[in-house]
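Below you'll find the structure, written out as structure tokens, and then a few comments.
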Amino acid sequence: MSDTDIRVVTGPANYFSFPGAIERLADFYSAQQLQHALWIYGERALNAAQAFLPKDFSDPQATRVLFKAHCSESEVQRITRIAGDDRQVVIGIGGGAVLDTAKVVARKLGLPVVAIPTIAATCAAWTPLSVWYNDEGVALNYEIFNDANHLVLVEPKIILQAPKEYLLAGIGDTLAKWYEAVVLCPQPQSLPLTAQLGLNTALTIRDILLNESEAALQTQSEGQLSKPLINVIDAIIAGGGLVGGLGERYTRIAAAHSVHNGLTALPQTDVFLHGTKVAYGILVQSALLKQFDVVSQLIALYQRLDLPVSLAQLQVDIHDRQQVSRLIERTLKAGESIHLLPDQPNAESLAAALEYVEKQTN
């Protein structure tokens, strides 16, 4: 395989995002198939989506499983055992962890997967990959599947009602698409056209998020389904997933996601969402690259949006050597995407970047 050989999986086979989108489920699956569905959902997700779900959800022949905590081996095994042998489709309802688990279970059972996101915190509904964790919530690795998700149904009225922090996390995670992709594509003209398209998509959604996130958050707080809010939702779920699907390894993850993974080694950061920690990771990556103007620009934006701009806001004391050492060690773990950065980051340069970011708001 040459350096430019990439596999392009642009997205799900079908994507619907508008009020009433969940009604399209019946266009793809018969009543008999839905009677033999495996529904996987989070408790809060079900409460949010219940009014929008078809009557098939309550069919006595369908199997309904409450998701526990993480996309982990034990959770996947538990749900697979419950599923039995007569399921015909797997339908996930919830956020990234639920949908990642549904995607794994569907592949293990050899079934199509339907994703119904109840928050816009990641592009998990779109992407044919899952992030594995252990039972304690520490990130382990990514698994990329050989087929696309079959159906994604986005009901923006559900996401409108979700807590603000989920949309914020989605904004942070999706902003990283540009800041990480541009590092991985220093000479885009030498790459396949699809990778260039992925990079251009990342730039487009970055501009949407920079320019429309404040309005989206404001109208969400007012209970209004505005054009900026719908744009931001689609930027997160569809745009974020499309970037990686077009460019594969050239437009996926770099240091920001490694910093997120490093933070998962500190239990006190478990209360913060994936994208919230990735947003902070963009600041650290930019400091590592000595892009200090980017750090300043993003800190100003984060402060307006209420995203973290320091370790202190993530309940990590930068003066606690033990905590910082664990963070650095996990971030720099062999195989982590931070090693795709130029100049090979090490413990010393990463510590300096963490300290630089911390000082910007002191």
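The values are calculated or read from the model by the stated rules, or taken from the named source; none is laboratory data. Fair warning: this is a prediction, and the values are worked out from it, not measured in the lab. In this analysis, Cβ positions are derived from the backbone assuming ideal geometry, glycine residues included, and neighbour counts consider all displayed protein chains. Areas reflect the complete protein model, heavy atoms only, side chains present, ligands, DNA and RNA absent. Shrake-Rupley method; radii C 1.70, N 1.55, O 1.52, S 1.80 Å.
Using 1/(1 + (r/R0)^6) with R0 = 25 angstrom and r between the beta carbons of S349 and Q303, what's the FRET efficiency to the nearest 0.05? Please report the intermediate quantities before stating the final value.
On the way: r = 26 Å, r/R0 = 1.03.
Calculated value: 0.45.
Placing dummy labels 7 Å off each Cα toward the beta-carbon, the span from Q77 to N14 is 3.5 nm. 3J(HN,Hα) along segment 216-228, derived from phi through the Karplus expression 6.51 cos²θ - 1.76 cosθ + 1.60 where θ = phi - 60°, amounts to 4, 5, 5, 5, 4, 5, 8, x, 10, 8, 8, 4, x Hz, with x in place of Gly and Pro. Taking the Cα centre of the chain as reference, the dipole from Cβ charges on Lys and Arg (+1) and Asp and Glu (-1) amounts to some 300 debye. One decimal place: the segment K227-S58 gains 57.5 nm when fully extended, by the rule 0.36 nm per residue minus the C-alpha distance.
The HN-Hα couplings worked out from phi for segment 336-341 by the Karplus form 6.51 cos²θ - 1.76 cosθ + 1.60 (θ = phi - 60°) are 5, 5, 4, 6, 7, 5 Hz, whole numbers, x standing for Gly and Pro.
When the P(r) is computed for segment 235-313, the part past 15 Å accounts for 61% of the Cα-Cα pairs. Note: relative contact order over the chain, using C-alpha pairs below 8 Å and six or more positions apart, is 16 percent.
Rg to Rh ratio, segment 99-180, alpha-carbon atoms and Kirkwood radius? Write down the numbers at each step before the final one.
Values: Rg = 13.5 Å, Rh = 13.8 Å.
The Rg/Rh ratio comes out at 0.98.
S221 contributes about 90 Å² of solvent-accessible surface, heavy atoms of the protein only, 1.4 Å probe.
Quick one: Kirkwood hydrodynamic radius for segment 203-362, alpha-carbon pairs, angstrom, one decimal? Please list the in-between numbers first.
Details: mean 1/r = 0.0606 Å⁻¹.
After inverting the mean inverse Cα-Cα distance, the result is 16.5 Å.
Here V259 sits with roughly 0 square angstrom of accessible surface, probe radius 1.4 Å. Taking amide H positions as modeled 1.01 Å from N, with prolines and chain starts lacking one, the residues under 5 Å from L129 and 5 or more places away or on another chain are F145. Listed values for segment 138-144 are Karplus-derived 3J(HN,Hα) couplings in whole Hz (6.51 cos²θ - 1.76 cosθ + 1.60, θ = phi - 60°), namely 8, 5, 10, 6, 9, 10, 9, and x replaces Gly and Pro. For the chain, the alpha carbon convex hull comes to 129 Å³ per residue, rounded to a whole number.
About the centre of its Cα atoms, segment 152-244 shows a dipole size close to 120 debye [charges on the beta carbon of Lys, Arg (+1) and Asp, Glu (-1) only; nearest 20 debye].
To the nearest ten degrees, helix 321-331 and the longest principal axis of the Cα atoms of the chain are 60 degrees apart. Determine the shape class of segment 294-341: with a ≥ b ≥ c the square roots of the Cα gyration tensor eigenvalues, call it rounded for a/c under 1.5, and otherwise prolate if a/b is greater than b/c, oblate otherwise. The shape class here is oblate.
Against the chain, whose longest principal axis comes from its Cα atoms, helix 96-109 is set at around 50 degrees.
Cα extents for segment 176-286 along the principal axes, largest to smallest and rounded to whole angstrom: 46, 37, 20.
Binning all Cα-Cα separations of segment 279-362 at 10 Å, short to long from zero, yields these whole-percent fractions: 17, 53, 28, 2.
Given their separation in residues at 0.36 nm each and the Cα-Cα distance between them, A334 and Q50 gain 97.9 nm when the chain is fully extended. For the set K108/K277; K177/K227; K108/K164; K55/K108, the pairs lying more than 32 angstrom apart at their alpha carbons are K108/K164. Under the simplified labelling scheme, the Q33-Q322 pair shows an inter-label distance of 5.5 nm, with each label point 7 Å from Cα along Cα→Cβ.
Computed from Cα positions, the angle between helix 274-288 and the longest principal axis of the chain comes to roughly 20 degrees. Amide H to amide H, with H built 1.01 Å from N, L140 comes under 5 Å of W132, Y133, N134, counting only residues 5 or more places away or on other chains.
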